[in-house]
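Some notes on the structure that comes next.
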Amino acid sequence: PEEYQEGIFCWKGFLYYKWVLTSLMTDVAGVADAVSTVRPLGKVDRNAREYLDRGRQVLRDRIVTVCDEASRTLLIYDNAYRALTEEARPAAFRDFLLQAPRLFTRLGEQLGAIQHVVSFWRFRFAPGAAPVGVDELIDVFMDFETGLADRDQELGHRHLAA
């Protein structure tokens, strides 16, 4: 019964997360494009320019990757639901419900990171906002890069280093 309740809760969460990802996609594309073109106010030294150039590509790649990973996770739900409703295979949906709690947590982390990037970008880089300096732009890029980092990969690296 507890596994069933948790699976049903996560199923509802998947429906919500599916809506969240769909509603974010237009903004995500705009932010990914803006990251590539934003220019800081003031003089940019060589080290800062190198970091920002690298950071632009890394952030753009991570934004796309995290969105793709979230979409692939949601596809697991879509396939299970299709198996239940169109193919009359309830076991596939039961299997989804059993793995849903693990998937739900990862999906929440991914969408939370994407939402943070989009909402902060819209706030800080809104039309009429004060220009951003070099140090602040580097801080923003570093924050986004950390938020979008692959936690599974990070944990593996930390585990190997320990």
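List of remarks:
- Accessible surface computed residue by residue for the chain, with neighbouring protein chains in place and a 1.4 Å probe, gives 61 Å² per residue.
- Centre-to-centre separation between the Cα atoms of region 39-87 and those of region 122-142: 19 Å.
- Shape analysis of the chain based on the Cα gyration tensor places the equivalent ellipsoid semi-axes at 37, 18, 12 Å, largest first.
- Each residue of region 64-72 is assigned a 3J(HN,Hα), and the resulting list reads 5, 4, 5, 5, 5, 4, 5, 4, 5 Hz, derived from the Karplus form 6.51 cos²θ - 1.76 cosθ + 1.60 (θ = phi - 60°), x at Gly and Pro.
- Dipole-positive endmost among S71, G55, P101 within the chain (Cβ charges, Cα centre): G55
- Seen against the Cα atoms of the chain and their longest principal axis, helix 151-161 is set at about 80 degrees.
The values are calculated or read from the model by the stated rules, or taken from the named source; none is laboratory data. Worth saying up front: this structure is predicted, and the values here are computed from it rather than measured. Note that each Cβ is placed from the backbone with ideal geometry, even for glycine, and that neighbours are counted across all protein chains shown. Surface accessibility is based on the protein's heavy atoms, side chains included, excluding ligands, DNA and RNA. Shrake-Rupley method; radii C 1.70, N 1.55, O 1.52, S 1.80 Å.
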